[in-house]
1. Between B:V178 and A:L119, how many nm apart are label points set 7 Å from Cα along the C-beta direction?
2. Please find the FRET efficiency linking B:Q158 to A:L5, where r is the Cβ-Cβ separation and R0 is fixed at 30 Å, and quote it to the nearest 0.05.
3. Among A:13-26, B:6-19, B:128-141, how do they line up from the highest to the lowest mean number of other beta-carbon atoms within 10 Å?
4. Between A:F19 and A:W174, what FRET efficiency comes out of the Förster formula 1/(1 + (r/R0)^6) with R0 = 25 Å and r the beta carbon distance, rounded to 0.05?
5. Which parts of the stretch A:136-177 would a label at B:A189 reach, counting a residue when its backbone N lies under 12 Å from a point 7 Å out along Cα-to-Cβ?
6. Let me know the Rg and Dmax you get for chain B when you use only its Cα atoms, in Å.
7. Classify the stretch B:91-173: rounded, prolate or oblate, from the alpha-carbon gyration tensor (a ≥ b ≥ c, eigenvalue square roots; a/c under 1.5 rounded; otherwise prolate if a/b is larger than b/c)?
8. According to the Cα gyration tensor, what semi-axes, each the square root of 5 times an eigenvalue, does the equivalent ellipsoid of the protein assembly as shown have, listed from largest to smallest in whole Å?
Amino acid sequence: MMQVLTTISTLMLPLTIAFILIVGLVRGVSLYDAFITGAKKGFGTSITLMPQMIAMLAAITLFRVSGALTIGITWLKPIADRLHFPLELLPLAILRPISGSASLALLTDLFKQHGPDSLLGRMGSVMQGSTDTTLYVLAIYFGSIGITKGRYALRVGLLSDAVSVIASIIVVNWLFTK
Amino acid sequence: MLNGIWTFLILVSIIVSIATHHADRITQGIFQGAKDGVLFSFGLISIIAFWLGIMEIAQQAGVIAMLSKILSPLVRWLYPSVPRDHPAMGFLIANMSANLLGLGNAATPLGISAMRHLQMLASEKDKATDAMCTLLALNTASLTLIPTTVIGLRITFQSRAPSDIVLPSALATLIATVAAVFFDRYFRAHERHKVRR
C-alpha cells in the first residue's frame, strides 16, 4: 500500500510532463521554443520573491538565534501539547494564511533545522503546498473590484486553512510512519 | 498585519539577545538570514522556470483547454448562480485549471477577471455575491496537483525524495477544498436563515 502511494507520488510529475510533451508533439507545437518562452517568466516570479524572502528570513533567523523562539515555544508548549500539535509547526500554521513568503521562509528554516525528509519537514511541505495565503487572496480579489462587504469569505478561508493544517499532519503521519 | 509581525520578530529578538548578553548573535542572524533569502530565491528559479516552460507547452498544445473541458461540469455545479454561457464562466474554469497545475501567478489575473465579470451580475457593487464568495473559498484553499515551489525548495535542501510529498499534498488540498466548499455553502444557508427570521 505504502509502496504504491510513494510510487504514485514519484510518478505524478514525470507522467504529467510526458503527457504534455506528447500532446504538444502530436499537435505540432514547437516544443523547445514554447518552453523557452515560458521559462523566461520564471525569473520574474522568483526574483520578485527575493526582497520578501530576505526580509522574512532575516527576521525569522534573528528570532531563532536570539533565543526568543525558545522562550515563545516554552509558552506555547502547553497549548500545543493539549491539542497534540507538533510544536515546531505552530509558527508555520499561524503564518501560512497571513503571508506566503513568510511561511515559505519559515519552511526554509524548518528544512535547515530538521531536514526536508524528516517527518516535520514533510508535514511543513504539505502544509505550505496544500493551501494558499488566505489574507492575500482576499485582499487582491476583493480589493481589485472594490468589494468592502466580504460577508463570510474570511471565515471560510481561515476555517479551511485550519482544515488543511490538520489534514497535512494527519495525512503525512498516516503515509510516512509505520 | 505583516508590518506588525515583522517588526515584532526583530524587536523581540534584539531585546532578548541584549537581555541574555548575546547581542553578537543579532549581527550573525541578520547576515545569515538575508544570505539564505538570496540563496533560496535563486534556488527556486530553477524549478519555477522549468515548470513555467512546461506549462507554456501545455498552453500551446491545448492541454489546459482539455483540462478546462473536463472541469467545466464541476465548475457549473460550484457556481449555480452564474449563467452557463456568461463570460465569467470561462474565467472561473480557467482559474481553477491554473490552480490545479500549480500556476498560482497565472491563476490570480484569471480570478480577478472572473471577479470583474461576476460584479456585472451583482446588484450591490461593494458587496460580495454568492459566486464571489465561492471563488474566494476555492482560491484560498487552492486545489493544487503539483506544489512546484515546495518541491523546488526540497531539491535545494538535497531532499532524497523531493516529490514524495505530491500525493499527501494533493490529499490535504482536496480535503481543504471540500471543506471550503462545505463552509461556503453552510454559512450562506446560515445567512439566508437569519435574514428570513
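Since every read-out is calculated from the coordinates, none of them should be taken as a lab result. These figures come from a predicted structure and were not determined experimentally. Using ideal geometry, Cβ is built from the backbone for each residue, glycine included, and neighbour counts are taken over all protein chains shown.
1. Label-label distance for B:V178 and A:L119, simple model: 2.5 nm.
2. Values: r = 23 Å, r/R0 = 0.76.
The calculated FRET efficiency here is 0.85.
3. Details: A:13-26: 15.2, B:6-19: 17.1, B:128-141: 25.9.
Highest to lowest by the protection proxy: B:128-141, B:6-19, A:13-26.
4. Numbers: r = 28 Å, r/R0 = 1.13.
Between A:W174 and A:F19 the formula returns 0.30.
5. none
6. Both quantities, over Cα of chain B: 21.7, 67 Å.
7. Values: a/c = 3.66, a/b = 2.89, b/c = 1.26.
Note, shape of the stretch B:91-173 comes out prolate.
8. Values: eigenvalues 228, 144, 80 Å².
Over the Cα atoms of the protein assembly as shown, the ellipsoid semi-axes are 34, 27, 20 Å.
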